[in-house]
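Shown next, in structure tokens, is the structure this report addresses.
The values are calculated or read from the model by the stated rules, or taken from the named source; none is laboratory data. Treat the numbers as computed from the prediction; the structure is a model and nothing was measured. Glycine also receives a Cβ, built like all others from the backbone with ideal geometry; neighbour counts cover every protein chain displayed. SASA here: full protein model, heavy atoms, side chains in, ligands and nucleic acids out. Shrake-Rupley method; radii C 1.70, N 1.55, O 1.52, S 1.80 Å.
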Amino acid sequence: MTAKAKVAILISGQGSNMAALLYHARLADCPYEIALVASNNAHAPGLKLAEAEGIPIFVRPHKGMDRAAHDRIMDEAIRGAGAEYVALAGYMRILGDDFVAGWQDRMLNIHPSLLPRYRGLDTHKRAIEAGDTHAGCSVHLVTGELDDGPVLGQMQVATLPEDTPEKLATRVRYAEYQLYPRILAEYVGREMDVGWIEAQVNRLALALPETHFRPSHGSPGWRVGSEKSGKYFAHFSAHHHGSDAIGVLVKTGSIDELETLCEEQPEIYWKPAYYGASGWIGVRLNRANVDWDHVAEWLERSWRSVAPKRLTKLMDAAEEF
Ligand code: GRF
């Protein structure tokens with residue numbers, strides 16, 4: 001069983017989307033759990049519910065504080081709670097660039113319109129006035145631009161002739177409660193998915209010169225050199241010998257280096273059965289916050305240790321530029 005991704009939810013009001021996310025987290029196969037509910041509004045009704053459900057809460061009103069200082073305090077609380085993702089759910093504060101950059105690709109928001117239509121406020125009124133047959137909601141990644149950022153999922157909601165903004169808002173909320181938990185679960189789950197992880201390793205491994213894919217003992221592997229006489233520089237390992245780790249095996253310089261890394265950073269490295277004895281180290285990839293540049297560096301280093309000289313020389317020359 002892999003650990004669940006930890007999510008902090010930021011609210012300012014009612015918190016009904018927070019409730020939807022929270023109860024979805026109670027389903028046994030949900031890949032995320034709620035680590036914190038934080039608010040800039042001490043009277044946000046959602047806080048009471050979160051507290052009653054045993055979720056840690058954090059409140060810091062922004063009054064009298066500049067944006068950067070308030071953002072920093074929220075950020076500290078979120079990180080202090082161990083959260084790896086942030087889900088905005090009716091958080092009525094514009095977040096500063098530093099905060100947004102610190103959560104790049106890890107912060108989601110739900111917006112009550114079919115983006116790119118109707119960014120900002122009064123979305124339902126605007127949809128009705130435009131005579132749209134469908135309104136809806138969107139879940140998107142948060143970037144520096146308001147209600148912009150890649151859309152991860154949308155759900156349409158039919159408008160009715162007698163709609164008022166309030167009536168439509170109520171129905172859009174029903175859709176929100178279905179959409180947000182599903183998309184959040186898919187998004188955080190993707191990083192723990194063995195197929196997704198293998199695809200990332202495959203892409204990085206095959207980006208190195210003269211490499212090819214060749215399974216070894218039934219597991220994916222990557223070699224450098226010709227199909228005939230190539231040498232392995234990476235093996236894929238998923239739950240090998242009952243281990244919960246999914247990751248890539250690459251060559252270290254020595255057993256000493258391997259042992260030290262495993263001892264100092266056991267959350268990242270492990271010593272694999274059999275392969276470990278000949279200097280292969282496991283880099284764990286089924287965890288949040290994997291630094292894929294770092295994985296690419298390991299692959300290159302491992303590739304260099306077995307690649308023919310003519311190829312490493314080419315690589316050195318290319319890297320000088
Ligand atoms: C929702 O309509 C959501 O789309 C928007 O803010 C509202 C939050 O409502 N971002 P609630 O606090 O979750 O009930």
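Of all residues in segment 70-94, how many are within 16 Å of the ligand (Cβ to nearest atom) and either β-branched (Val, Ile, Thr) or surrounded by fewer than 20 Cβ atoms within 10 Å (Cβ to Cβ) (or both)? Counting residues in segment 70-94 that are within 16 Å of the ligand (Cβ to nearest atom) and either β-branched (Val, Ile, Thr) or surrounded by fewer than 20 Cβ atoms within 10 Å (Cβ to Cβ) (or both) gives 4. With respect to the numbered conditions (1) open to solvent by less than 70 Å² (accessible area, probe 1.4 Å); (2) under 17 Å from Asn17 (Cβ atoms); (3) not in a loop (DSSP other than H, G, I, E, B), which one is the sole condition not fulfilled by Lys48? So Lys48 meets the others, but not (1).
For segment 153-183, filtering for residues that are surrounded by 17 or more Cβ atoms within 10 Å (Cβ to Cβ) and either touching a strand residue (DSSP E or B) at 6+ places or on another chain (Cβ under 6 Å) or without any contact (Cβ under 8 Å) to a residue 12 or more places away in the chain (or both) leaves 13. All conditions in (1) within 16 Å of the ligand (Cβ to nearest atom); (2) within 20 Å of Glu84 (Cβ to Cβ) hold for Pro45, with the sole exception of (2).
Each residue in segment 1-29 was checked for being in a loop (DSSP other than H, G, I, E, B) and either at pLDDT 95 or above or within 16 Å of the ligand (Cβ to nearest atom) (or both), and 7 pass. Scanning for something part of a helix (DSSP H, G or I), in the same structural domain as Tyr187 (by TED's automatic domain parsing), within 16 Å of the ligand (Cβ to nearest atom) and not aromatic (Phe, Trp, Tyr), does segment 58-69 turn up at least one residue? No; the residues of segment 58-69 include none that is part of a helix (DSSP H, G or I), in the same structural domain as Tyr187 (by TED's automatic domain parsing), within 16 Å of the ligand (Cβ to nearest atom) and not aromatic (Phe, Trp, Tyr).
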